[in-house]
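The structure under discussion appears below in the form of structure tokens.
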Amino acid sequence: MSRHEHSPWAQRPDFHLLLTVDEGVVWHMVDFHEYAVADGAWLWVRPGQVQRFGDLEGASGRVVMFPPDTLPPTSSTGTVLDDPFGPVLLTPSGADARAIREALDHLSAEFGSAGIPAPARSAILRHLLAVLVLRLTNLSAPVGTPRGDHAEAFLRFRDAVEQGFAEHRDVAHYAWRLGYSQRTLTRAVVAAVGVGAKEFIDRRVVLEAKRLLAHTDDPAASVAARLGFPDASNFVKYFALRAGLTPTRFRQQFRSGTTPRP
């Protein structure tokens, strides 16, 4: 792992980043949560998420980066690459850990090899990458996948919110669009994630606001417009009520190198 100086600035990659640590501990912020990566654990940053490296001094490991369209469609489906709710920290153990390590070693060896035509080498790397990510995503039941009678309703609601949160922040819109009652949607969301449907929508809006505030220099008015608010004042009140601090204060705290707190 190459050394990366600690920086208070955020990165928002448009590619997948897989990081694993062999020795030491790496603290890594993903979407404003701090993760400690150590002892063979894996961290998965997906396109669109905001990340920030901590100090890498004294740690060693490997990083795998690839764009979303790298794997063939069959492998992408099997690994749920387009799931923005996939787990960030994975901790394989036992046979899983050994198989993943072997897949990574094979991928690393082929990446550094030469002597075969470029098209063949590219195909080999794609297949070996597919093995690695399939191993990582099939350790157990996918994180965030609810069970029970309300599972389908929640998953449909979650996907609809992901597509429309910048235009619609009311439960009634999603209930009408999906053909459920508002009560049914609320029960489904509470059963899956422990908060109501409106709270789920608001959290997604606030997350996107935080990403924009951390990763860009856009003023509050521009962030407000991108999130569908009629004016900056309305956005500032909405954000402060739910995040516990103003957009300006959030950005200041983040740029100071700390994880913002209300």
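Assorted remarks:
- Residue satisfying all of: in region 53-75; outside any loop (DSSP other than H, G, I, E, B), touching a helix residue (DSSP H, G or I) at 6+ places or on another chain (Cβ under 9 Å) and free of Cβ contacts under 8 Å to residues at least 60 places away in the same chain; nearest to Leu128 (Cα to Cα) among these: Ser75
- Residue selected from region 208-225 under the condition of a type in the set (A, V, I, L, M, F, W, C) and surrounded by fewer than 17 Cβ atoms within 10 Å (Cβ to Cβ), by the criterion nearest to Val45 (Cα to Cα): Ala225
- Residues satisfying the stated conditions in region 76-109, i.e. modelled with pLDDT under 90, of a type outside the set (Gly, Ala, Ser) and assigned to a helix (DSSP H, G or I): Thr77, Thr79
- Among all positions in region 223-233, there is at least one residue which is hydrophobic (A, V, I, L, M, F, W, C), more than 21 Å from the chain's Cα centre (by Cα) and farther than 21 Å from Val50 by Cβ.
- Helices (runs of 4 or more DSSP H) fully within region 168-257 that include at least 3 residues being aliphatic (A, V, I, L, M): 171-178, 182-193, 197-215, 220-226, 232-243.
- Single residue of Gly112, Gly144, Gly179 found to be at pLDDT below 90, surrounded by fewer than 17 Cβ atoms within 10 Å (Cβ to Cβ) and farther than 28 Å from Val223 by Cβ: Gly112
- Annotation: Phe200 fulfils all but one of (1) modelled with pLDDT under 95; (2) surrounded by 14 or more Cβ atoms within 10 Å (Cβ to Cβ); the unmet one is (1).
- Within region 18-42, the set of residues being closer than 22 Å to Pro68 by Cβ and among the β-branched types (Val, Ile, Thr) comprises Thr20, Val30.
- The set of residues in region 215-225 being in contact with a helix residue (DSSP H, G or I) (Cβ under 8 Å, 6 or more places away or on another chain) and closer than 28 Å to Leu155 by Cα consists of Val223, Ala224.
- Every residue from region 226-251 that is crowded, with 16+ Cβ neighbours inside 10 Å and under 30 Å from Phe154 (Cβ atoms): Leu227, Phe229, Phe235, Tyr238, Phe239, Ala240, Ala243, Pro247, Phe250
The values are calculated or read from the model by the stated rules, or taken from the named source; none is laboratory data. As the structure is a computational prediction, the values presented were derived from the model and not from experiment. All Cβ positions, even for glycine, are placed from backbone atoms using ideal geometry, and neighbour counts span all protein chains on display.
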